[in-house]
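The values are calculated or read from the model by the stated rules, or taken from the named source; none is laboratory data. Predicted model, so just to flag it, every value in this text is computed and none were measured. Counting neighbours? That spans all protein chains shown, and the Cβs are built from the backbone with ideal geometry, glycine included.
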Amino acid sequence: MNSIKKILIKKDRSCKSIWFMRQAGRYLPEFKKIRLKNQNFINLCLDSDLVTEITLQPIKRFDLDSAIIFSDILIVPYALGQDVNFTKNYGPVLSKFNLNKFLQNDSSSFTKKLEPVYKAINKTRKKLDDKKSLISFIGAPWTLFYYMSNKKENLNTFIKEYSEKEIDLIFEKLNYFLCLHIKNQINAGADVIQIFDSWAGLLKKTNLKKFCFLPNKKLVKFCKNNKIPVICFPKGIKSAYLEFNKIVKPDGLNLDSEIDLNWARTNLRGVVLQGGMDPKILLENENNIFNEAKKYLNVFKDVPYIFNLGHGIVPETDPDMVDKLVKFVRSSQ
């Protein structure tokens, strides 16, 4: 059993691991060469050979415990019929959401569209050392709904665009296809699933249970019923991490950079904690990086913990700094 699974399943305090969100991709020079030749990001995510190569790039460079498949949470809206384009200095832009078209999606066409993703997972698993885990991921329903609705500039009113019944239908359908995507990724060779609720922090407290806690709980229950280790990342919900953990009960809980370490150590019980360190620290000098990393290693030394960041590695990061950080964490264990 690889170290990530060992920690998540057995809550092994003595086993320490390290990997990084967005470790495969934008900051690596070898990735940038590939990206220059592949301008359409979704098409790149559907190229099995290139996805395998990109996923393994950081594994070849750094002493990490896990590979995370190179993909995107918006591959699911793509497979459900929306056009997805990435605009430089702005981000993803999706075509207009059509509820009737969305509700007509079926499992066979969804799986067929994402077959290259599953093929890439299978190829990667075969090339990966058995001691290393392979992490796949999905976006949580709220975060996907946020992107699919294209209402980022009008957040206060965009929930009102749909009736309560329509929203329930959308979330129910998303849950179905996300569970299918989870199972397909695991069947292809992934060991662990991480659920990204990247925009949970935009929700009002009164909406957290309906749009964040309960949808994540359904996905986690599906994972546990199928013996799939699962990590949740409800970014930006601050002290609501406590209620999230009690209701959702994931195997692992990724901390964002706003969470106080000692508060998390004291209050978030019965779960493997992961991450927390601000990725922008990696843009500073190595003394600052090591001092910040040491805080996390010291606070979480006696609890099950996976060293990671509070969000993904930023594009400006020097790969040499990542290497130095990995070596520092290893030497501190």
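Observations on the model:
- Close Cβ contacts (under 7 Å, 6 or more residues apart or on different chains) running from residues in the range 168-181 that are free of Cβ contacts under 8 Å to residues at least 24 places away in the same chain and β-branched (Val, Ile, Thr) to residues that are in a helix (DSSP H, G or I) and crowded, with 17+ Cβ neighbours inside 10 Å are absent.
- Residue in the range 45-58 that is touching a Pro at 6+ places or on another chain (Cβ under 8 Å) and among the small types (Gly, Ala, Ser) present: yes
- Of the residues making up the range 245-271, those that are under 20 Å from the mean Cα position of the chain (by Cα), closer than 25 Å to residue 314 by Cβ and hydrophobic (A, V, I, L, M, F, W, C) are 253, 255, 259, 264.
- So residue 102, is it out of contact with any strand residue (DSSP E or B) (no Cβ under 6 Å at 6 or more places or on another chain) and within 19 Å of residue 197 (Cα to Cα): no
- Among residues of the range 164-197 being in a strand (DSSP E or B) and touching a Gly at 6+ places or on another chain (Cβ under 9 Å), the one that is farthest from residue 272 (Cα to Cα) is 196.
- Any chance residue 23 is without any contact (Cβ under 8 Å) to a residue 12 or more places away in the chain and in a loop (DSSP other than H, G, I, E, B): no
- Extreme residue, surrounded by the most Cβ atoms within 10 Å (Cβ to Cβ), among residues of the range 198-207 that are touching a Phe, Trp or Tyr at 6+ places or on another chain (Cβ under 8 Å) and part of a helix (DSSP H, G or I): 200
- Scope the range 1-59; condition in contact with a Phe, Trp or Tyr (Cβ under 6 Å, 6 or more places away or on another chain) and hydrophobic (A, V, I, L, M, F, W, C); matching residues: 18, 24, 41, 42, 51, 54
- Among the candidates 96, 37, 88, residue that is modelled with pLDDT of 95 or more and either surrounded by fewer than 21 Cβ atoms within 10 Å (Cβ to Cβ) or closer than 21 Å to residue 192 by Cβ (or both): 37
- Boolean, residue 36 is touching a residue at least 24 places away in the same chain (Cβ under 8 Å) and within 25 Å of residue 320 (Cβ to Cβ): no
- Residue among 153, 164 that is over 16 Å from the mean Cα position of the chain (by Cα), among the acidic types (Asp, Glu), modelled with pLDDT under 90 and over 20 Å from residue 208 (Cβ atoms): 153
Matching residues to (1) under 21 Å from the mean Cα position of the chain (by Cα); (2) closer than 14 Å to residue 18 by Cβ; (3) among the hydroxyl-bearing types (Ser, Thr, Tyr):
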{"site": "276", "(1), (2), (3)": "yes, yes, no"}
{"site": "286", "(1), (2), (3)": "no, no, no"}
{"site": "289", "(1), (2), (3)": "no, yes, no"}
{"site": "314", "(1), (2), (3)": "yes, no, no"}
{"site": "318", "(1), (2), (3)": "no, no, no"}
{"site": "328", "(1), (2), (3)": "no, yes, no"}
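- Single match in 177, 102 (criterion: at pLDDT 95 or above, of a type in the set (Phe, Trp, Tyr), over 20 Å from the mean Cα position of the chain (by Cα) and over 22 Å from residue 209 (Cβ atoms)): 102
- Within the range 1-55, being touching a helix residue (DSSP H, G or I) at 6+ places or on another chain (Cβ under 9 Å) and basic (Lys, Arg) holds for 13, 16, 22, 26, 35.
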